[in-house]
Amino acid sequence: MVEIDPARLERWIDGFSQRHGVPERSLRADPGAVPLVLSAPDGAVAEVLAWAPGADDPSGSVELPERLGLVLVRRGGYAVGLAEGEQLTDHHCGTRYVQSRTAAGGWSQQRFARRRGNQADALVGRVVEQAAGRLLGPKGALVDGLVVGGDKALVRQVLQESVLTPLTVLARREFYDLPDPRLKVLQETLRRGRATRIRIVEPASP
């Protein structure tokens, strides 16, 4: 899988053609299908992936949204951002500690689990508050697409809050390989969220 700037897509395809031969292009509009497939003469295949469609667009042909909301959360902190094109126009980063799991048992383990659960709930509540305040307006979402990342379970808890329902129906990209969210991580995630993702299958060896 590679991620490239959308403006460089045709240049990347030219390089793919030089390496593998001029590919046949297949455009697909079927629901859930990969929108663009490049099939080279030597057997190499490149699939140019769309954004995951939202509930209001099941076609699978979602293009890059211009206005993006970003919600990143891990045990060590969180970041929420609003972007117009390549620029963050509003953001907030914060820290909220959630203890790691422990192998202890008995009553100590039960007290620890309650404390850890309370810490996670406080973190989720803070992220929901920031996301609602920065990404939602009186008439619904202020963005056209959503980028989420960090801890998958915590992200799921955040998006389950009913106040954020207008965000959950948007086209989405997910990144669960991120470090603790800070401004630099938020900026890099915006770059990755806007990137064109290409899945490459190399030709079989002779």
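The values are calculated or read from the model by the stated rules, or taken from the named source; none is laboratory data. Quick caveat, the model's predicted, so the values are computed rather than measured. Because the Cβ atoms are built from the backbone with ideal geometry, glycine has one as well, and the counts that use them run over all protein chains shown. Ligands, DNA and RNA are excluded from the accessible area calculation, which covers all protein heavy atoms including side chains. Shrake-Rupley method; radii C 1.70, N 1.55, O 1.52, S 1.80 Å.
Got a number for residues in segment 137-157 being in contact with a strand residue (DSSP E or B) (Cβ under 6 Å, 6 or more places away or on another chain) and under 17 Å from L72 (Cβ atoms)?
First, the residues of segment 137-157 that are in contact with a strand residue (DSSP E or B) (Cβ under 6 Å, 6 or more places away or on another chain): 143-151, 154-155.
From the residues that got through so far, the ones that are under 17 Å from L72 (Cβ atoms) too are 143, 145-151, 154-155.
Matching residues across segment 137-157 total 10.
Does V163 satisfy being farther than 15 Å from L72 by Cβ, of a type in the set (A, V, I, L, M) and free of Cβ contacts under 8 Å to residues at least 60 places away in the same chain?
Details: farther than 15 Å from L72 by Cβ: yes; of a type in the set (A, V, I, L, M): yes; free of Cβ contacts under 8 Å to residues at least 60 places away in the same chain: yes.
Yes: the conditions hold for V163.
Here is a list: L135, L178. Which entry is open to solvent by 10 Å² or more (accessible area, probe 1.4 Å) and either in contact (Cβ under 8 Å) with a residue 40 or more places away in the chain or not hydroxyl-bearing (S, T, Y) (or both)? If you could, list the steps in order and put the result at the bottom.
Numbers: L135 fails: open to solvent by 10 Å² or more (accessible area, probe 1.4 Å).
Criteria check complete, one pass: L178.
One line per residue, one yes/no per condition, for (1) modelled with pLDDT of 95 or more; (2) part of a strand (DSSP E or B); (3) open to solvent by 50 Å² or more (accessible area, probe 1.4 Å):
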| residue | (1), (2), (3) |
| --- | --- |
| P65 | no, no, no |
| L68 | yes, yes, no |
| L72 | yes, yes, no |
| T89 | yes, yes, yes |
| W107 | no, no, yes |
| R111 | no, no, yes |
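Which of the residues spanning segment 184-206 are open to solvent by 70 Å² or more (accessible area, probe 1.4 Å) and touching a strand residue (DSSP E or B) at 6+ places or on another chain (Cβ under 6 Å)? Reasoning before the result, please.
Here is the first cut: in segment 184-206, the residues open to solvent by 70 Å² or more (accessible area, probe 1.4 Å) are 184, 187-188, 191, 199, 201-202, 204-206.
Scanning segment 184-206 gives R199, V201.
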